[in-house]
Amino acid sequence: SLSGWLTFGIAIAFTVAGCGIAALSPLGFPTGFVVTATGWLLVALWLLVHDIAYPNLKRPNLPRFTSIGLLLGYGWLALGALIVLGHGGTLSGLAYDAALHAVFLGFVLSLVFAHAPVILPAVVGKPFPFRRVLYAPAALLHLSLAARVLADLTTLPLLREWAGLFNVVAIVLFGGLLATLYRQGESSLELAFRSGSAGFFP
């Protein structure tokens, strides 16, 4: 609806305006950060209300995987915004780390994980099969990130170190699984080609 898109436009305007305020002067950084975080929160809430991910939760395999990733990502964006707002835009140290990772690992990487199985086949020009094993690195990413944010906000250095390690493991594992599935897709295409050509080439 028009009102929905107007709300989304206002949210984007807050985000851009906040970045501008923060860039103009170091003294304006806390204010700019608060305005930007307000934009993040509005964007997250808009997406949580209006995104088409909800109907796709009922669909199996890739649509459900993508939808779960998107909705979790929007939640991380909202959490990152709330951390910034809770500190009045004057974040430093562990609080800054928590907000930064909530947005860039929780939100951005969630969207990367969710869309990679859709976009990569179109980019490389070859399909590959979806497998539920992709849920493993996605779950590891969200669980380890939750542990990291908790460790940041409660000052638990050991938990933070382990959580950071498993953040990396989740990313590497996801990339490795995508490469493996791509190879499986290539093998399936090659097998289908050979089977279809059997009548022509003895």
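The values are calculated or read from the model by the stated rules, or taken from the named source; none is laboratory data. Since the model is a prediction, treat every value here as computed from it, not as a measurement. Cβ atoms come from the backbone with ideal geometry, glycine included; neighbour counts cover every protein chain shown.
Figure legend. Inter-residue proximity from segment 73-100: first residues on the phi > 0 side of the Ramachandran plot, second residues not aromatic (Phe, Trp, Tyr), beta-carbon distance below 6 Å, spacing 6+ or different chains. Indicated pairs: Gly89/Pro30; Gly89/Val34. Among the residues of segment 50-66, those identified as free of Cβ contacts under 8 Å to residues at least 24 places away in the same chain and not in a loop (DSSP other than H, G, I, E, B) are Ala53, Tyr54, Pro55, Asn56, Pro63, Arg64.
Yes/no per residue for (1) assigned by TED's automatic domain parsing to the domain that holds Gly164; (2) closer than 21 Å to Ala136 by Cβ; (3) at pLDDT below 90; (4) not in a helix (DSSP H, G or I):
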{"site": "Leu41", "(1), (2), (3), (4)": "no, no, no, no"}
{"site": "Gly69", "(1), (2), (3), (4)": "yes, yes, no, no"}
{"site": "Tyr74", "(1), (2), (3), (4)": "yes, no, no, no"}
{"site": "Gly80", "(1), (2), (3), (4)": "yes, no, no, no"}
{"site": "Val84", "(1), (2), (3), (4)": "yes, no, no, no"}
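The single condition among (1) under 25 Å from Ala147 (Cβ atoms); (2) in contact with a helix residue (DSSP H, G or I) (Cβ under 7 Å, 6 or more places away or on another chain); (3) among the β-branched types (Val, Ile, Thr) that Thr31 does not meet is (1).
Evaluate the following for Pro157: is it exposed (fewer than 11 other Cβ atoms within 10 Å of the Cβ), at pLDDT 90 or above and in the same structural domain as Pro60 (by TED's automatic domain parsing)? For Pro157, the condition - exposed (fewer than 11 other Cβ atoms within 10 Å of the Cβ), at pLDDT 90 or above and in the same structural domain as Pro60 (by TED's automatic domain parsing) - is met. Please find, among Val112, Val169, the residue that is part of a helix (DSSP H, G or I) and under 19 Å from Ile68 (Cβ atoms). Sole residue among the options that is part of a helix (DSSP H, G or I) and under 19 Å from Ile68 (Cβ atoms): Val112. Scanning segment 95-151 for residues that are under 13 Å from the mean Cα position of the chain (by Cα), loosely packed, with under 14 Cβ neighbours inside 10 Å and of a type in the set (Gly, Ala, Ser) gives a single hit, Ala139. Taking every residue in segment 153-166 that is in contact (Cβ under 8 Å) with a residue 24 or more places away in the chain and pairing it with any residue that is of a type in the set (S, T, N, Q) and surrounded by 12 or more Cβ atoms within 10 Å (Cβ to Cβ), at least 6 positions away or on another chain, the pairs with Cβ-Cβ distances below 7 Å are Phe166/Ser144.
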